[in-house]
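The values are calculated or read from the model by the stated rules, or taken from the named source; none is laboratory data. These numbers were taken from a predicted model, which means no experiment stands behind them. We place every Cβ from the backbone using ideal geometry, glycine too, and count neighbours over all the protein chains shown. The accessibility values were calculated without ligands, DNA or RNA, using every heavy atom of the protein model including side chains. Shrake-Rupley method; radii C 1.70, N 1.55, O 1.52, S 1.80 Å.
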Amino acid sequence: MARKIIKSKYFVEEDFVEVLAEVPAGGSSPLPTNQEMKVIGRPVTRLDGYDKVSGTARYTFDINLPHLAHARTLRSPYAHARITAIDAREAAKMPGVLGIIHYQNVDQIPWYGSSFLFDPHLRYVGDEVACVAAETEAAASAALKRIKVEYEELPFVVDAAAAMKQNAPAIHEGGNIQGGKPAVYARGDFDAGLAEADVVVEETFTTQVEVHNPTEVHCSVVNWEGDRLTVWDSTQAIFSVRDTVAQSLGLPASQVRVIKRYMGGGFGSKLTTGKYTVMAALLAQRIGRPVRITLDREEMNLAVGNRPDSVQKLTVAAKKDGTLSAMSHWSYGAVGAYPSGAACSWPLRTIYQCPNVKTEEYSVFINAGPGRPFRAPGHVQGTFALESILDDVAEKLAMDPLEFRRKNHATIDQVMNLPYTSKKLLEAYDAGAKAIGWDRRRKVPGADKGRYQRGLGFASQIWWGAGTPPAGCILKLNRDGSVRLIAGTQDIGTGTYTVMAQVAAEILEIPIERIQVNLGDTAVGPYCPLSGGSLTTPSVTPAVADAALQMKEKLLSAAAAILEVPQGELVYQRGEVRHTGDTSKKKTIVEILREMREQTLLTYGARNANPEGYAINSFGAQFAEVEVDTLTGHVKVIKVVAAHDIGRAVNRLTLENQFHGGILQGIGFALMEERVIDPQTGKVLTVNLHDYKMPTIMDMPEIEVIIVSEADTKISNVGAKGVGEPAMIPTPGAIANAIYNAIGVRLHSLPMTPDKILMALAQKG
Ligand code: MOS
């Protein structure tokens, strides 16, 4: 099939990225609707489900190799320091120790432009000092304690507000404001909009640092064969690990192979290559043995990423009839000691119609672990603040919060001034309100007198999740009619193996059990984007469809040659090619392949370009019912209804799984999770899952998922938008509004822990 190479832009996590992509020259024709489908859209059980629950699935940690050595990392005990001397001679003589690397005995390898792999300038408690390989993990850990390091302690700052001050300790040259200035945006005339308003509300909200804490810890296993390196890695982005490792070690990309089969979550912390991966490769090279490096829970809470905190000051102005006339958002947040992003104003800029908007946002360096994208970066904290203040404005206007949102429904993307490919947010409001029983919502917040007070609240969401080229998939038809799909994407636990097989099974009309899927191997799979930004399913499934449709064409062409009839007289049905007139003329896939002898039938499918001149976003509304125990301050989330426009639902089961996880993670952010740093020492006090409180299955509410959309035929043949992040975005905002509705006091600070609830109730009197 004809191809062309185009320039394409897409939004991933925090930025627009421009890529060159090979796409089908003819674009893509939409597949039939889910109603006409047998496999797509159905609740197909995960293909890898049995392997996972039976322990058959091999995760990165399970990779074992002959003579495997184990590595551990020495990390900075100080928030800010300079290494003045390091002596590893004694440690090197410890039993079982095989090799030690640090800044004095390896080349300075630049790391993300701002520092080095081993940088003698240490910028947070947990920054890498040295790495030891030994016969066992225990031996490596013991050796860490014998490495003698002299540190010159430097003044540190672990709070963004303090870090922004003139005389604050500088973490990087150029000061603590990343990029030297705030990110600003404006449209219309904010002051004019303010002047014509009848109601103006100004409030400040804060959100905490949240740590990803996926179930599976970060881990790499590395093995050299001559000058070729294989890396098994728990990553969301095999190609980016390949390129970073290759570049760091000065190898051609072809000599680095990255493999990842299964994963126990990442949420954004596994989007970027870990220093530990490169350190393991250097050690393995030095000692001539394969090396495994596994981070422990403390390292997970110190060093592999977090959601930056935020202080957000919002102003919202509206006219009596409920139309928004002006909005502003001023915020800052701590990105930790290395570049990341703390901006969170995007929802305010686009989701509701408003002519006059201005935003100003500061990403601030502090002496703490680096921030990383975390499931809908910016949008979760930004949506909490926006949806909270909008409820307060609605109350001042004596409008129902849902009516207020309806009144300000936006029909175009106001930042880019582009129409949406599809937007069914109003439908989501209707369906969600009905499912939660929005009329039950108490009209006077906090009017209840009992100990347990219930309330209803809701919040909207906007996200990207369009998917993007380049994404390729190879389809290989075996002689017995079974199929192998090969792609360079990765299943990070969301069900990618299954949704890809569904698409091929649907189009080739063969049982899904006849399909095997190979993902997560840079040596065999064609390039696919990283798995983050809710873009895996919308990027990859169209490539599978393209490959399967081409295979159908190939089979028709082969059957025409075998039967000696024009191809136009043949049709493909249920794994067979039949003649439309003469029913005796037919060939099954197996018969066709048998006649083709040893030839393998291969097709290469590619994801189409996104349409020009459109914004592509997902939309949704989540409704929460909560019960506040006014004696203890404990909040129980009773029910969450998630009503979303996410294009086509490819698999109802894996889709619901995303909502279950995203909503529970949203509950964690809303009510309990928080990284705490001691300002006296700069040490993180929440380095284990006892002190860092995460939600458990006991916190799970009743969840109802409603999909109000069909395939978005403008995007691709499959027409799916991603769901991973939309599931989380509106959850904390909906809970905050439900708490207000229950107790009649507004909480401005996450997490809404029992102490804050009790304090608010006390102030209310
Ligand atoms: Mo990303 S924060 O891994 O979707």
Charge context of Q502, other residues only, Cβ under 14 angstrom, K/R +1, D/E -1:
+1
Computed over the range 597-689, the relative contact order (Cα-Cα under 8 Å, seq sep at least six) in percent reads 17 percent
Solvent accessible area, Å² - D62, 1.4 Å probe, full protein context:
70 Å²
From a point 7 Å beyond the Cα of R82 in the direction of its Cβ, which residues of the range 115-139 have a backbone N at a distance under 12 Å?
120-122
As a percent rounded to 5, the proportion of antiparallel DSSP bridges among beta bridges in the chain is 80 percent
Expected field for T681, accessible surface area in Å² at 1.4 Å probe radius, rounded to 10, holds 60 Å²
Sort I697, I259 by accessible area with a 1.4 Å probe, largest first.
I697, I259
Computed D for the range 168-281, Stokes-Einstein, Kirkwood radius over alpha-carbon pairs, 20 °C, 1.002 mPa s, to the nearest µm² per second, is 116 µm²/s
How much accessible area does K165 have with a 1.4 Å probe, in Å² rounded to the nearest 10?
130 Å²
Two-site label geometry, E627 and A2: point separation in nm, points 7 Å out along Cα→Cβ:
6.5 nm
Just the C-alpha atoms of the chain: what Rg/Rh do they give, with Rh taken as the Kirkwood radius?
0.99
Can you give me the % of accessible surface on the chain that is carbon or sulfur? Probe 1.4 Å, all protein chains present, nothing else counted.
52 percent
Report, in listed order, any pair from K552/K721; K38/K639; K358/K764; K4/K721; K554/K585; K552/K587 with a Cα-Cα distance greater than 21 Å.
K552/K721; K38/K639; K358/K764; K4/K721
Debye intensity ratio I(q)/I(0), log10, the range 481-616, q values 0.10, 0.21 Å⁻¹ (C-alpha model)
-0.39, -1.19
Net charge contributed by nearby residues that have their C-beta within less than 11 Å of D159 (K/R +1, D/E -1):
0
Could you tell me which residue out of L761, V565, P679 lies farthest along the dipole of the chain toward its positive end? Charges go on the beta carbon: Lys and Arg +1, Asp and Glu -1, centred on the Cα centre.
V565
Sort the following peptides by mean Cβ neighbour count (other Cβ atoms within 10 Å, averaged over residues), highest first: 426-435, 452-461.
452-461, 426-435
Sequence-distant residues sharing a close amide H with G525 (under 5 Å, placed H)
none
Tally Lys/Arg at +1 and Asp/Glu at -1 over every other residue whose Cβ is under 14 Å from the Cβ of S8; what's the total?
+2
If you rank K7, K407 by how much accessible surface each has, with a 1.4 Å probe, what is the order from largest down?
K7, K407
Pop the C-beta distance of A138 and K636 into the FRET formula with R0 = 51 Å and round what comes out to the nearest 0.05.
0.75
The range 282-346: relative contact order in percent, alpha carbon pairs under 8 Å with at least 6 residues between:
24 percent
How high is the relative contact order of the range 20-137, given as a whole-number percent (alpha carbon pairs under 8 Å, six or more residues apart)?
31 percent
Per the helix-only model, the chain has a calculated mean residue ellipticity at 222 nm (DSSP H runs of ≥4, -39500 (n - 2.57) each, divided over all residues, rounded to the nearest 500) of -7500 deg cm²/dmol
From highest to lowest solvent-accessible area (probe 1.4 Å; ligands, DNA and RNA excluded), E173, E403 read E173, E403
May I ask you to give the solvent-accessible area per residue for the chain, in square angstrom, as obtained with a 1.4 angstrom probe?
38 Å²
Based on Cα positions only, what radius of gyration and what Dmax would you give for the range 678-754, in angstroms?
18.8, 57
Short version: what are the Cα gyration tensor semi-axes of the range 536-603, square root of 5 times each eigenvalue, largest first, in whole Å?
24, 14, 9
How big, in percent, is the set of alpha carbon pairs in the range 617-725 lying more than 16 Å apart?
66 percent
Dividing the alpha-carbon radius of gyration of the range 223-296 by 2.2 N^0.38 Å, where N counts its residues, gives 1.03
Where in the chain are the DSSP H helices whose C-alpha atoms run 24 Å or more along the long axis and whose mean Kyte hydropathy is at least -0.5?
379-396, 536-563, 652-671
